[in-house]
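A short write-up of the structure that comes next.
The values are calculated or read from the model by the stated rules, or taken from the named source; none is laboratory data. Here the structure is a predicted model, which means the values were calculated and not measured. Here Cβ is always computed from backbone atoms with ideal geometry, including for glycine, and neighbour counts include all displayed protein chains.
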Amino acid sequence: MVRHLDKRVAAHHGLFFCSIGALCLQLAYGSGMDSEASPQRGLYALVDYTSCEQRGLDPLLVVRSVCASGVPFLQLRAKALPDQKYLDWVRSSVAACPRATSLLVNDRADLALLGGAQGVHVGQDDLPLACVQRVSPQLIVGVSTHDLGQLGSALAQAPAYVAFGPVFPTASKQNPEPVTGLTLLEQAHQLARAAAVPLVAIGGVSDATLDEVAAHCDYVAAISLLLPPSQTERPYDWITQRCAAINARLRTIAGRPASSS
């Protein structure tokens, strides 16, 4: 079973050029490559630039706060940001984020490479997964899928991980795909486990549904769940504590602690 996905790629930016197959094997199994070990679990945090600004939060300070919690993954998303400003945010986030957290950029492999991020997350309408793997083998590459057909196609290309959803209705995207629900998520997790590829559940996850979602995936993605209510005192401390609590909760799902990285 997959293990230690959330260990960082050992070499820094492009100093290694292993094949994507070797990269995915390292990501999926870690140094021990123990297929009998329990899988890692945890929080896949997303920081959306626009969502932060709409709440009066500094996106970079939000990144720092999330990273301070020790989450395994953090994805940067800025759909409407000009390229130079997006790149500046990536670079500042990389500098602010400890190596214990893998930093990925949504959609833009070019900005991930230029900004020094560890990976990129691509959607169904972005560059094809195989193309990204070919031109940037040093990056962790994850891909969004929204049905079992897309999932099967993605798994055949050996991504570092697959995201599946939206599990529930979500307001974080302007034109979200149809809701998958828990039944399809469970089937997706079985397929991903058979392919030894970690699965990230995404879309509309709340405090009330967190545990049942986590039972059918390796990581749970969240955006608004990690941001404080308005008028919160010390909002950045709140974010750190919130992310740490959710990450710990996910790592102990079903009463079985995940192995430490």
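Please work out which residue is surrounded by the most Cβ atoms within 10 Å (Cβ to Cβ), limiting yourself to region 80-100 and to residues that are under 17 Å from the mean Cα position of the chain (by Cα) and modelled with pLDDT under 95.
97
Among the residues of region 213-234, is any at pLDDT 95 or above, farther than 24 Å from residue 96 by Cβ and part of a helix (DSSP H, G or I)?
Checking region 213-234: at least one residue is at pLDDT 95 or above, farther than 24 Å from residue 96 by Cβ and part of a helix (DSSP H, G or I).
Just to be sure I understand the filter: pairs with C-beta atoms under 6 Å, separated by 6 or more residues or on different chains, first member in region 175-196 and under 11 Å from residue 165 (Cα atoms), second member part of a helix (DSSP H, G or I). Which pairs pass?
That search, which allows pairs on different chains as well, returns 188/151.
Enumerate the pairs (first residue in region 208-224 and without any contact (Cβ under 8 Å) to a residue 60 or more places away in the chain; second residue anywhere and of a type outside the set (S, T, N, Q) and in a loop (DSSP other than H, G, I, E, B)) with beta-carbon separation below 7 Å, excluding pairs fewer than 6 apart on the same chain, so at least 6 apart or on different chains.
The qualifying pairs are 209/168; 213/167; 213/205.
Just a yes or no: is a residue in region 239-257 surrounded by 16 or more Cβ atoms within 10 Å (Cβ to Cβ), polar (S, T, N, Q) and either modelled with pLDDT of 95 or more or part of a loop (DSSP other than H, G, I, E, B) (or both)?
yes
Count, please, the residues in region 169-199 that happen to be over 10 Å from residue 151 (Cβ atoms) and among the aliphatic types (A, V, I, L, M).
Number satisfying all stated conditions: 6.
State all residues of region 41-79 that are without any contact (Cβ under 8 Å) to a residue 60 or more places away in the chain, of a type in the set (Ser, Thr, Tyr) and crowded, with 19+ Cβ neighbours inside 10 Å; if no residue qualifies, say none.
49
Scanning for something buried (at least 17 other Cβ atoms within 10 Å of the Cβ) and part of a strand (DSSP E or B), does region 173-191 turn up at least one residue?
no
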